1. Give, to the nearest whole percent, the P(r) tail of segment 2-408 beyond 28 angstrom, counting all Cα pairs.
2. Nearest 500 deg cm²/dmol is fine: what mean residue ellipticity at 222 nm does the chain get from its DSSP H runs of n ≥ 4 alone, each adding -39,500 (n - 2.57), divided by its residue count?
3. Give me the extension gain from ALA139 to ASP47: residue separation times 0.36 nm, minus the current Cα-Cα distance, reported in nm with one decimal.
4. Once the piece of chain linking ALA123 and ASN351 is laid out straight, how much longer is it, given 0.36 nm per residue of separation minus the C-alpha distance between them?
5. Go through PRO218, ASN403, SER76 and say which Cα lies farthest out towards the positive end of the charge dipole of the chain; charges sit on Cβ, +1 for Lys and Arg, -1 for Asp and Glu.
6. Run the numbers on the chain and let me know its relative contact order in percent, using alpha-carbon pairs under 8 Å that are six or more apart.
7. Quick one: if the Förster radius is 30 Å, what FRET efficiency do ARG338 and PHE254 give, using the C-beta to C-beta distance and rounding to 0.05?
8. What fraction, in whole percent, of alpha-carbon pairs in segment 182-240 exceed 17 Å separation?
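Only the coordinates and a few stated rules stand behind these numbers; no lab work does. Keep in mind that this is a model prediction, so the values were computed, not measured. Note that each Cβ is placed from the backbone with ideal geometry, even for glycine, and that neighbours are counted across all protein chains shown.
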Amino acid sequence: MLNRIVLTLVFTLSFLGFMGQELTLALQLLPLILFAILVLFKVVYSDSLLKAVGSLFDLDGLVFLIFLSLFIIGPSLASNYEKSLGFSLFLCMCLFLARLYTAVVPVQEILEAFFWSGLVSIAVFLPLSFAGLLQAIGALERFSPFSFQPNLLGFLLAGYFCVMVWKFLTGGWAMKIIAGLVGFIDLAITFFASSRSALVAIVAGCCFIVGMEFLHAPPQERKRYVRFGLLTAAALVLGIGALLWNSDRAYNAFNFFDRVLELTNEYRGVGSGLTGRLDRWRQVTRIFTDGTFLIGKGIRYSDQSESEAIDNSYLVIPYEIGVVSLILITWRYFSLLRKSLKAYFRAGEKNDRRFCLAIGFLLVVFLVSNLALRYLFGVGNPYSLAALLLFVTPNVQMNHCLNLPIRDSISLGSLKSWPAASSRLPS
C-alpha cells in the first residue's frame, strides 16, 4: 500500500508541476527525486535487490537499457547543444532506476497508482482552473491554464481517461460512478483545450477496444454487436438528418465545433497542414539525407530553438538519437502491445481480460498521440513516465502479470524465483 501511495504521489507531482506560473527545473525534478527515493527503499534496501540487479543482464535489459543507453549518450557527447549530454545521462539514469523498480513491482500496481493519480490530479486541477474553464467555454476560446500547453494537457488527460475506462469496466458501482465522472471531465477538458491529437488518439483507442471485444465474443454475441452497431449508425444518421432539417440548428452546431476545434482556422484548420507541422516534417526529412538519421544530433537538440521544434516523436527520435534508437523504442512498445493482445485472448477471467485491454488501450492512445507530439520517450510528465515504466518492465515480469507462459520471454536470469505463469492476477 505504501508503495502505491508514493508512486501515486510521483505521478501526481509530475502533473501538478505544470500548475505553477512557470515550469521550473525544480518542479520537474521533484517527482523524479521522489521516485529515486522510492526505488532506493523498495529495491536497494530489500530482499529483492539481487533479482532486480540480475534483471539488468537479461537479454531485454541488455538491449533496451544498456545498448539503447549507448545510442542515447553517444550522439549527445558530440552534440552542439551544451545541455544534451546532461539530459542524456539523466534519462539513462531514470531508465535504470525504472528497470530496478519494475523488476520487483507488478505492472498492475503501476496502473493502479496511475489511476489514483488521475483522480487526485483532477480533484486538485478542476477547482483551481474552473473559472478559466467556464470563461473558455463561454467565449469558445482554447483552454490553456497555468503552464500547460493545450496539447500536453490533452495528452495527459487522454492517458488518465484510459485508466478511468479500465476502472469503469472492472470496479464496483461506486468506482464506476467515480471513474465515469472523472473520465467525462477528462474528455470535456480535452475537447475545450482543442487537443485534436488527443481526441483522435482516444477515438483510435476506443476502436481498438471495440474491435478486441468483437473478436473475442462468440458468434452469437458478435451478431448482437453488429445489430447494436447498425442501430447506433441508424440513430446517428437520423439525428444528423433531423439536425440538418433545421438549418439554423445545424449551423449553430457546426459553428460550435468549428470554433472549439478550429477546423476552418487559417493557422490551425484543415488546410493548415496540421498547423504547419507537415512543412516542418518535410524540412526535417530533407535534413535526414545528410546522414543525420543514422546517429542523430543529440538528445533534446530540437528543444534549443522554436524553429527546431518537431511535433512528431517518430521524427524527433531519429533526429536526436538516431534511427536505431527509434527502431528499438517502437519495437519495444509494439511488442508490449502484442503481448497484451495475446494475453487478452488467453485470459479466462473477465478482470484479467480487462487488465490486458487496459494496457493495450493505454499503449494505442500513447502511440497514436505521439504522431503529433514529442512525448514518446521521456520522463517529464506522468503519462510518459507510466509508459516508460511499461517499456523497461522485464519480459518475465510482464509475462507473469499478463499470465503468459514464462518460456515466452528470453531471460538470462534465474526463473526459479518467479511464481508459476498459470497463477491468476487478483481481481
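1. Working: 42276 of 82621 pairs.
It works out to 51 percent of all Cα pairs.
2. Details: 18 runs with 289 residues, N = 427.
That calculation yields -22500 deg cm²/dmol at 222 nm.
3. On the way: separation 92, 0.36 × 92 = 33.12 nm, distance 5.77 nm.
Going from the current span to full extension adds 27.3 nm.
4. 79.4 nm
5. PRO218
6. On the way: 557 pairs, mean separation 102.9, N = 427.
Relative contact order of the chain: 24 percent.
7. On the way: r = 41 Å, r/R0 = 1.35.
Computed FRET efficiency for ARG338 and PHE254: 0.15.
8. Values: 989 of 1711 pairs.
Result: 58 percent of Cα pairs exceed 17 Å.
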